[in-house]
1. Please count how many residues of the stretch 333-369 are of a type in the set (Val, Ile, Thr), surrounded by 17 or more Cβ atoms within 10 Å (Cβ to Cβ) and more than 19 Å from the chain's Cα centre (by Cα).
2. Just for the stretch 126-152: of the residues that are under 27 Å from the mean Cα position of the chain (by Cα) and closer than 26 Å to residue 200 by Cα, which one is surrounded by the fewest Cβ atoms within 10 Å (Cβ to Cβ)?
3. Within the stretch 305-313, is even one residue open to solvent by less than 10 Å² (accessible area, probe 1.4 Å), farther than 22 Å from residue 214 by Cβ, outside any loop (DSSP other than H, G, I, E, B) and among the acidic types (Asp, Glu)?
4. I'm checking my understanding of the structure. Among residues of the stretch 202-222 that are open to solvent by 10 Å² or more (accessible area, probe 1.4 Å) and closer than 27 Å to residue 295 by Cβ, which one is modelled with the highest pLDDT?
5. Residues in the stretch 134-149: is at least one part of a helix (DSSP H, G or I) and either farther than 30 Å from residue 85 by Cα or at pLDDT 95 or above (or both)?
6. Would you mind stating whether residue 108 is part of a loop (DSSP other than H, G, I, E, B) and among the acidic types (Asp, Glu)?
7. For the stretch 263-275, indicate whether the set of residues that are β-branched (Val, Ile, Thr), within 30 Å of residue 102 (Cβ to Cβ) and assigned to a helix (DSSP H, G or I) is non-empty.
Amino acid sequence: MAWYDSAIFYHIYPLGMVGAEKRNDSGAIRRRFSELTACIPYLKVLGCNAVYIGPIFESSSHGYDSRDYKQIDRRLGSNEDFCGFVEMAHKCGIRVVVDTVFNHTGREFFAFQDLLSKGEESPYRDWYKGVNFGQRSPLGDPFSYSAWHGVNELPELNFNCEELRKYLVEIVRFWVKEFDIDGLRLDCADVLDLHFQKSLRYFTNEMKPEFWLMGEVIHGEYQRWVNPETLHSVTNYELHKSLYSGFNTRNLFEPAHNLNRNIQIAGELYTFLENHDVDRIASKLDRREDLYPCYAALFTLPGKPSIYYGGEFALEGRKGKDGDDAPLRPRITEEMKPNEFTSYLAKLSEIHGRNSELQSGAYREILLQNRHWAYARMEGNGAVLIALSCDDSPAELSLKLPLKAELAIDLLLEEELPLSGDRLQLLVPAHGERIIKLKGANG
């Protein structure tokens, strides 16, 4: 197995987590990476063996308006500081995946600045999409250009330019050599040139064994990206949406059917309940107690589960006025301390890490009702049986065993359960979950 086959991710938006300035104007290098490095042993205790962090490279504001791909954002620290972060993570057995913004740059990026300065004489005139010297841009530039989602501060790169493609591959090579990173999360992968993504897969495979590529994809057929030639994984926004929606409407058919739609690649997908772009799950759920079975689903369904920083404290947060993401990307303060919910997620991480069925086992549906969902993850002569409820009352479920078992152990309560023939009588708490390890008769 590759490292990412058993990965449990911790997702960090570093500029928010350390309370960095919103604008990168001071010129001074701040040594805030020490705060992030100090968190690594905590991530190990939480049960995470991979961290997805970013954006971390020099930018003007939120991190996605890149200035310099070869320098760590000075609001966080220096290149040496990030090297120390990766080194500490690797010592703790934690892989590091960084956020990568290749679809567009900021206006302060050297190629765009050269284009502003030299116009048609710039050697970088073909690096940007839609450049037209026959008209001015909305910002008053002597040429117009294509901008991501019409945001003129984010000019789009032109992947028909071979020189640009070569430059970006060499940037990744620099990151691997300089920082020893283990993978990339590709921002805007759903609109990023597909041929370039295939090139990245080819070249990164040569640069470092088991280098992992994950793309941000919101809509579309995920198999277009997740295949042996393109990316290893994409963000499973479909499952994210169906989980909170299914629990809110008490319709667990929704996530179950969504899972089956992508079942062929479900185990490869990056699964999450919240991230830096969407409201916190604790704020989206109509009933806060559904946090527990929602996270139980995250850690037991096929996929690579991720905890977004602060999620382990059950933080709340919604986008602000005019879509402001700042409330979703808070400064972590001393008041935000591990609590009972943190311990629960650590237990789920432990269960996931110790039971290979939850990492690579086949999925089998056992029972599906509006308010109850039971399924098994099967591997070899063992299985893990999961039952979830969004009902207001406890439910006694009679579940047909997915294999002939001689032993059943409740992994959350750490106690053995009685077996009777080919069925298991299971009391599932209101808004709760049961996670049962089954060992076959020949196990």
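The values are calculated or read from the model by the stated rules, or taken from the named source; none is laboratory data. None of these values were measured; they are calculated from a predicted model. As a convention, Cβ positions derive from the backbone with ideal geometry for all residues, glycine included, and neighbour counts pool all protein chains shown. With ligands, DNA and RNA removed, areas are computed over all heavy atoms of the protein, side chains included. Shrake-Rupley method; radii C 1.70, N 1.55, O 1.52, S 1.80 Å.
1. Number satisfying all stated conditions: 2.
2. Filtering the stretch 126-152 for residues that are under 27 Å from the mean Cα position of the chain (by Cα) and closer than 26 Å to residue 200 by Cα, the one surrounded by the fewest Cβ atoms within 10 Å (Cβ to Cβ) comes out as 149.
3. No, every residue in the stretch 305-313 fails to be open to solvent by less than 10 Å² (accessible area, probe 1.4 Å), farther than 22 Å from residue 214 by Cβ, outside any loop (DSSP other than H, G, I, E, B) and among the acidic types (Asp, Glu).
4. Per the criteria, the residue is 216.
5. Initial filter on the stretch 134-149 (part of a helix (DSSP H, G or I)): 148-149.
If we keep only those that are either farther than 30 Å from residue 85 by Cα or at pLDDT 95 or above (or both) too, we end up with 148-149.
Within the stretch 134-149 (the criterion being part of a helix (DSSP H, G or I) and either farther than 30 Å from residue 85 by Cα or at pLDDT 95 or above (or both)), the answer is yes, since at least one residue qualifies.
6. Criteria met by residue 108.
7. no
Here's the yes/no breakdown for (1) in contact (Cβ under 8 Å) with a residue 40 or more places away in the chain; (2) acidic (Asp, Glu); (3) on the phi > 0 side of the Ramachandran plot:
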residue: 371; (1), (2), (3): yes, no, no
residue: 383; (1), (2), (3): yes, no, no
residue: 393; (1), (2), (3): no, no, no
residue: 397; (1), (2), (3): no, no, no
residue: 406; (1), (2), (3): no, yes, no
residue: 410; (1), (2), (3): no, yes, no
residue: 418; (1), (2), (3): no, no, no
residue: 427; (1), (2), (3): no, no, no
